[in-house]
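**Q** Here you go, one structure.
The values are calculated or read from the model by the stated rules, or taken from the named source; none is laboratory data. For clarity, every value in this text was computed on a predicted model and none was experimentally measured. Note that each Cβ is placed from the backbone with ideal geometry, even for glycine, and that neighbours are counted across all protein chains shown.
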Amino acid sequence: MRTVLRVVRKWWPGLIPLALLWGLAAWFNTVPFETDLASRTALSLRETILDKTRVEAAGRDLTLSADAFSEEGRRSSIAIAEAVPGVRLVHDRTRIIDEAKPFVWTAERNVSRLTLSGNVSLPAVRTRLTEATRGISGGVEVADQMAFARGVPQRFEAAALLLLEQLGRLRDGKVAISDTSVRLSGIARDLGGREAIAAALKNLPEGFTVAENAVSAPPYVFQVNKDPVAVTLTLNGYVPDNAAHAALLEAAKRKFLNEKIVDNLKASVGAPSGFANAATAALGALSRLSTGSLMISDREVKLSGDAFYEVAAEDIRGGLGGELPQGWRVNTEVSVRPPASAVDATVCQQLFSELLALGKIRFLSGQANIDNDSRGLMDRLVEIALRCPTSSLEIGGHTDTDGDEEGNMRLSERRAQAVLDYMMRAGLPADRLQAVGYGQTQPVASNDTAEGKAQNRRIEFTVR
Amino acid sequence: MLVLAEFHWGWLLAAGILGLLMGWVGVVQRGGGLSKRGLQSVAVILALASVSAFARIVPGKFGYWLDLGLVMFALYFLGCAVGAWLRDLLVADHRSVPKS
């Protein structure tokens with residue numbers, strides 16, 4: 001023993017370089033060792049259900065901070081961290097998430113965002129709810145403001161997913177769960193959406209009840225836009241059924257001259273009463289505008305655009321309300337477009353001919369009353385007449401050979417006079433206008449065919 | 001501990017080799033070496049350090065450095081013992097060869 005001690009005593013000089021080695025090892029290895037330990041611990045904790053997990057290493061000691069969802073989960077996460085090779089001590093900074101009473105969850109939709117807020121039970125549930133929300137978002141931003149909490153009611157996830165499905169049927173609105181009570185509010189995206197939501201709510205999981213369903217139906221919208229540059233008439237929105245759809249398209253074709261009709265209308269229930277009459281009357285008013293748009297929302301008609309001249313604008317502003325069914329409201333924002341430059345008699349004649357090549361002035365059968373469908377054409381004819389203030393106009397009425405010759409002469413005179421009266425009311429001086437009835441004496445086509453007769457029934461303008 | 005050895009194997013090897021060399025040359029070193037009192041002090045310090053390490057009472061980085069130091073010392077000491085033993089073995093073999 002004494003010999004051993006004698007030898008051991010001589011080993012002390014090596015302690016100096018050993019201390020140096022120790023210092024260097026500590027200097028170079030501490031931070032990498034701590035980083036390695038923290039990352040291995042985080043990897044081990046990946047399978048555990050924790051929120052806001054943070055692992056910090058100081059030497060071989062760890063500080064574990066996290067929100068656990070149960071006492072058992074909290075304990076198991078500590079045990080996992082302690083079992084990581086190389087770990088000496090684990091400082092427990094974990095906590096169990098708070099209990100929410102009541103457990104409230106909401107999902108809200110507006111034009112630009114879908115927001116999830118309130119309480120959610122577990123990360124996996126949160127992920128599934130967020131994914132379901134993205135599925136109905138239609139590309140808008142999804143904001144997740146949910147916070148974890150205990151106290152979730154049974155079958156919460158199924159109820160929340162069903163409500164998210166209903167939120168997809170809303171244009172904007174909110175769905176909410178408070179413990180086992182369900183509330184919905186907002187406006188359905190489509191007609192019939194409100195009814196679909198009410199039906200779907202019958203499939204709520206057992207235990208959940210609808211405390212409030214304040215989902216309203218969307219307004220019944222019919223929209224028409226007249227674009228003079230593209231020469232199009234675009235119809236959007238709803239019509240009550242296929243018959244009304246066809247009738248409205250037919251009315252549009254009669255009232256508008258050469259505009260290409262873009263039909264995006266869809267048949268849907270829920271139209272307000274008198275819709276077809278109101279839409280037809282409003283289309284007539286729109287046909288008198290050079291450019292404009294028509295919007296029918298439930299029982300409110302909004303017409304905006306530019307009339308061809310002042311009298312027409314006043315007529316449209318005052319007349320449309322009277323043509324609408326009872327209980328309908330009208331809002332017109334009609335101005336007058338700037339007058340076009342004056343032209344000489346030759347150009348004026350050419351303008352009349354070109355316009356009348358697009359459409360004819362229509363009269364009620366066997367009568368001299370101008371058909372309402374021709375008011376758009378009449379306004380455009382007046383506008384041309386206003387552009388040649390120094391010329392005189394002969395308004396010539398012509399008929400086909402149906403009926404007796406004398407009767408046709410009188411009818412053609414009365415029809416020419418009706419056109420003259422329209423132009424006088426529009427502000428043209430009477431001394432520039434002359435109405436002449438030619439009866440059946442100047443046919444432009446054969447009277448043997450229906451087509452030829454239609455061509456012969458006409459009003460012509462001669463500029464002098 | 002295995003992780004500690006695996007992570008610091010280079011430094012621990014260096015401590016062991018240092019011990020081996022010290023053990024080899026220590027046998028023939030002149031002078032008496034560490035005094036009895038000095039040896040006792042070292043023993044007490046080592047005992048205290050070991051108890052602290054096993055009781056885990058030194059916190060954080062200092063605890064880690066203490067563990068590292070003790071492991072390095074243990075390997076140094078083992079290296080010294082092996083070095084001295086090898087030296088003793090070789091010298092003993094040399095002495096046992098009969099003179100001609």
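**Q** Sort out which residues of segment A:421-464 are touching a residue at least 12 places away in the same chain (Cβ under 8 Å), part of a helix (DSSP H, G or I), surrounded by fewer than 20 Cβ atoms within 10 Å (Cβ to Cβ) and in contact with a Leu (Cβ under 9 Å, 6 or more places away or on another chain), and write them in order of number.
**A** Those that are touching a residue at least 12 places away in the same chain (Cβ under 8 Å), part of a helix (DSSP H, G or I), surrounded by fewer than 20 Cβ atoms within 10 Å (Cβ to Cβ) and in contact with a Leu (Cβ under 9 Å, 6 or more places away or on another chain): A:Tyr422, A:Arg432.
**Q** Still on this structure: Take B:Gly26 and tell me if it is within 7 Å of chain A (Cβ to nearest Cβ) and in contact (Cβ under 8 Å) with a residue 12 or more places away in the chain. So that I can check it myself, show each step before the final result.
**A** Working: within 7 Å of chain A (Cβ to nearest Cβ): yes; in contact (Cβ under 8 Å) with a residue 12 or more places away in the chain: yes.
The answer is yes for B:Gly26.
**Q** Any residue at all in segment B:84-92 that is at the interface with chain A (Cβ under 7 Å from one of its Cβ atoms), within 24 Å of A:Phe28 (Cβ to Cβ) and assigned to a helix (DSSP H, G or I)? Give the derivation first.
**A** Initial filter on segment B:84-92 (at the interface with chain A (Cβ under 7 Å from one of its Cβ atoms)): B:84.
From the residues that got through so far, the ones that are within 24 Å of A:Phe28 (Cβ to Cβ) too are none.
No: segment B:84-92 contains no residue that is at the interface with chain A (Cβ under 7 Å from one of its Cβ atoms), within 24 Å of A:Phe28 (Cβ to Cβ) and assigned to a helix (DSSP H, G or I).
**Q** Could you check how many residues of segment B:42-57 are touching a Leu at 6+ places or on another chain (Cβ under 9 Å) and more than 9 Å from every other protein chain (Cβ to nearest Cβ)? First the steps, then the outcome.
**A** Going through segment B:42-57, the residues touching a Leu at 6+ places or on another chain (Cβ under 9 Å) turn out to be B:42, B:46, B:49-50, B:52-53, B:56.
Add one more test, that the residue is more than 9 Å from every other protein chain (Cβ to nearest Cβ), and what stays is B:46, B:49-50, B:52-53.
Selection size over segment B:42-57: 5.
**Q** Continuing with this model, one more query. Here are B:Leu39, B:Leu20: which of them is within 7 Å of chain A (Cβ to nearest Cβ), among the hydrophobic types (A, V, I, L, M, F, W, C) and surrounded by 12 or more Cβ atoms within 10 Å (Cβ to Cβ)? Even if it seems obvious, please write down each step before you answer.
**A** Values: B:Leu20 fails: within 7 Å of chain A (Cβ to nearest Cβ).
Within the list B:Leu39, B:Leu20, the selection yields B:Leu39.
**Q** Another one. Which of the residues belonging to segment A:266-315 are assigned to a strand (DSSP E or B) and crowded, with 20+ Cβ neighbours inside 10 Å?
**A** Step one: filter segment A:266-315 for residues assigned to a strand (DSSP E or B), giving A:266-267, A:289-297, A:300-307.
Within segment A:266-315, A:Leu289, A:Gly292, A:Leu294, A:Ile296, A:Val301, A:Leu303, A:Gly305, A:Ala307 meet the criteria.
**Q** Where residues in segment A:11-25 are more than 7 Å from chain B (Cβ to nearest Cβ) and hydrophobic (A, V, I, L, M, F, W, C), which of them is surrounded by the fewest Cβ atoms within 10 Å (Cβ to Cβ)?
**A** Per the stated criteria, the residue is A:Ile16.
**Q** Additional query: Any residue in segment A:51-61 that is touching a helix residue (DSSP H, G or I) at 6+ places or on another chain (Cβ under 6 Å) and of a type in the set (Asp, Glu)?
**A** Looking through segment A:51-61, at least one residue is touching a helix residue (DSSP H, G or I) at 6+ places or on another chain (Cβ under 6 Å) and of a type in the set (Asp, Glu).
**Q** Conditions first: (1) within 19 Å of A:Arg380 (Cβ to Cβ); (2) out of contact with any helix residue (DSSP H, G or I) (no Cβ under 6 Å at 6 or more places or on another chain). A:Ala340 passes all but one, so which condition is the exception?
**A** That leaves (2) as the condition not met.
**Q** Further, regarding this structure: Quick one: would you say A:Ala247 is part of a strand (DSSP E or B) and within 24 Å of A:Asp190 (Cα to Cα)? Steps first, answer last, please.
**A** Numbers: part of a strand (DSSP E or B): no; within 24 Å of A:Asp190 (Cα to Cα): yes.
When the stated conditions are applied, A:Ala247 does not pass them.
**Q** Has segment A:319-331 got any residue that is surrounded by 13 or more Cβ atoms within 10 Å (Cβ to Cβ) and charged (D, E, K, R)? Walk me through it before giving the result.
**A** The first filter runs over segment A:319-331 and keeps only residues surrounded by 13 or more Cβ atoms within 10 Å (Cβ to Cβ), leaving A:319-321, A:323-325, A:328, A:330.
Subsequent filtering for residues that are charged (D, E, K, R) retains A:323.
Yes, segment A:319-331 contains a residue that is surrounded by 13 or more Cβ atoms within 10 Å (Cβ to Cβ) and charged (D, E, K, R).
**Q** So, one more: Take the conditions assigned to a strand (DSSP E or B) and either buried (at least 16 other Cβ atoms within 10 Å of the Cβ) or of a type outside the set (D, E, K, R) (or both) and apply them to A:Gly139. Does it pass?
**A** no
**Q** Here are the criteria: (1) among the polar types (S, T, N, Q); (2) under 24 Å from A:Thr53 (Cβ atoms); (3) loosely packed, with under 13 Cβ neighbours inside 10 Å. Tell me which single one A:Ser112 does not satisfy.
**A** Only one criterion is unmet by A:Ser112, namely (2).
**Q** Search segment A:54-107 for residues being more than 14 Å from every other protein chain (Cβ to nearest Cβ) and assigned to a loop (DSSP other than H, G, I, E, B), and hand back the single one that is farthest from B:Gly69 (Cα to Cα).
**A** Here the answer is A:Pro102.
**Q** So, in segment A:64-82, of the ones that are under 10 Å from A:Arg95 (Cα atoms) and among the polar types (S, T, N, Q), which residue ends up modelled with the highest pLDDT?
**A** Selected residue: A:Ser65.
**Q** Further, regarding this structure: Out of the residues in segment A:152-179 that are of a type outside the set (Val, Ile, Thr) and in a strand (DSSP E or B), which is surrounded by the most Cβ atoms within 10 Å (Cβ to Cβ)? So that I can check it myself, show each step before the final result.
**A** Going through segment A:152-179, the residues of a type outside the set (Val, Ile, Thr) turn out to be A:153-174, A:176, A:178-179.
Those left that are additionally in a strand (DSSP E or B): A:170-174, A:176, A:178.
Details: A:Leu170: 25, A:Arg171: 14, A:Asp172: 13, A:Gly173: 22, A:Lys174: 19, A:Ala176: 20, A:Ser178: 16.
Among residues in segment A:152-179 that are of a type outside the set (Val, Ile, Thr) and in a strand (DSSP E or B), the one surrounded by the most Cβ atoms within 10 Å (Cβ to Cβ) is A:Leu170.
**Q** Give the residues of segment A:26-35 that are within 60 Å of the chain's Cα centre (by Cα) and at the interface with chain B (Cβ under 7 Å from one of its Cβ atoms), sorted by residue number. Give the steps one after another, and end with the answer.
**A** Within segment A:26-35, the subset within 60 Å of the chain's Cα centre (by Cα) is A:31-35.
The one that is within 60 Å of the chain's Cα centre (by Cα) and at the interface with chain B (Cβ under 7 Å from one of its Cβ atoms): A:Phe33.
**Q** State all residues of segment A:336-388 that are exposed (fewer than 12 other Cβ atoms within 10 Å of the Cβ) and over 28 Å from A:Leu411 (Cβ atoms); if no residue qualifies, say none.
**A** A:Pro338, A:Ser341, A:Thr346
**Q** Still on this model: B:Leu4 - would you say it is surrounded by 11 or more Cβ atoms within 10 Å (Cβ to Cβ) and within 16 Å of the chain's Cα centre (by Cα)?
**A** Values: surrounded by 11 or more Cβ atoms within 10 Å (Cβ to Cβ): yes; within 16 Å of the chain's Cα centre (by Cα): no.
Against the criterion (surrounded by 11 or more Cβ atoms within 10 Å (Cβ to Cβ) and within 16 Å of the chain's Cα centre (by Cα)), B:Leu4 does not qualify.
**Q** Of the residues that sit in segment A:423-456 and are under 28 Å from A:Phe308 (Cβ atoms) and of a type in the set (S, T, N, Q), which one is modelled with the highest pLDDT?
**A** Selected residue: A:Gln434.
**Q** Could you grab me the full set of residues in segment B:59-71 that are in contact with a His (Cβ under 8 Å, 6 or more places away or on another chain) and at the interface with another protein chain (Cβ under 7 Å from one of its Cβ atoms)?
**A** Step one: of segment B:59-71, the residues in contact with a His (Cβ under 8 Å, 6 or more places away or on another chain) are B:68, B:71.
B:Leu68 - this is the single residue of segment B:59-71 that is in contact with a His (Cβ under 8 Å, 6 or more places away or on another chain) and at the interface with another protein chain (Cβ under 7 Å from one of its Cβ atoms).
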